[in-house]
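The values are calculated or read from the model by the stated rules, or taken from the named source; none is laboratory data. Bear in mind the structure is a predicted one, so any value in this text is a computation, not a measurement. Heads up, the Cβs are rebuilt from the backbone with ideal geometry, glycines too, and the neighbour counts pull from every protein chain shown.
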Amino acid sequence: MDMKTMRPDHIEDWLADLHPGLWFGFEGEKVYENLVIHNTEYAKPTEQECIDGLAQMQADFDAKQYQRDRAVAYPSIEDQLDQIYHEGIDAWKETIAAVKSKYPKP
């Protein structure tokens, strides 16, 4: 999964991540009971596997909040290069370190 900005909130998110391509669908409402596997190469995961898989995706997403926060807080590449040119590498390192300090890795 890339650094998406939307937290996965449905088993469909996990299923789409499980196997690439159009291998599943829903007949009617998007609930486990209506899950249909279109590709015979894949067995239908159990409901518990779907629940556990989605929970793991959500935990992984939540654990990377600091990355999303940093991405917003860092100056643009253009501004970073301008700072390096005008103020030097040490000033740039201080700017980057301040963002990393504000949003540390868990």
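Residues that are in a loop (DSSP other than H, G, I, E, B), of a type outside the set (V, I, T) and in contact with a helix residue (DSSP H, G or I) (Cβ under 8 Å, 6 or more places away or on another chain) are absent from the stretch 31-40 altogether.
Using the structure shown, decide if L81 is among the hydrophobic types (A, V, I, L, M, F, W, C), surrounded by 12 or more Cβ atoms within 10 Å (Cβ to Cβ) and touching a strand residue (DSSP E or B) at 6+ places or on another chain (Cβ under 6 Å).
Values: among the hydrophobic types (A, V, I, L, M, F, W, C): yes; surrounded by 12 or more Cβ atoms within 10 Å (Cβ to Cβ): yes; touching a strand residue (DSSP E or B) at 6+ places or on another chain (Cβ under 6 Å): no.
Considered against the rule, which asks whether it is among the hydrophobic types (A, V, I, L, M, F, W, C), surrounded by 12 or more Cβ atoms within 10 Å (Cβ to Cβ) and touching a strand residue (DSSP E or B) at 6+ places or on another chain (Cβ under 6 Å), L81 comes out as no.
The condition (being loosely packed, with under 11 Cβ neighbours inside 10 Å and either in the same structural domain as S101 (by TED's automatic domain parsing) or in a loop (DSSP other than H, G, I, E, B) (or both)) is satisfied by just one residue among P45, P20, P8: P20. Entry remark, the stretch 50-72: residues being surrounded by 13 or more Cβ atoms within 10 Å (Cβ to Cβ) and either among the aliphatic types (A, V, I, L, M) or not in a helix (DSSP H, G or I) (or both) number 4 in total. Which of the residues belonging to the stretch 1-22 are without any contact (Cβ under 8 Å) to a residue 24 or more places away in the chain and within 15 Å of E49 (Cβ to Cβ)? Those that are without any contact (Cβ under 8 Å) to a residue 24 or more places away in the chain and within 15 Å of E49 (Cβ to Cβ): E12, A16, H19. The single residue among F61, F26 that is in contact (Cβ under 8 Å) with a residue 12 or more places away in the chain and touching a strand residue (DSSP E or B) at 6+ places or on another chain (Cβ under 7 Å) turns out to be F26. For the stretch 73-99, the set of residues classified as farther than 30 Å from R7 by Cβ and in a loop (DSSP other than H, G, I, E, B) consists of G88 only.
The lone criterion from (1) exposed (fewer than 12 other Cβ atoms within 10 Å of the Cβ); (2) touching a Lys or Arg at 6+ places or on another chain (Cβ under 6 Å) left unmet by V36 is number (2).
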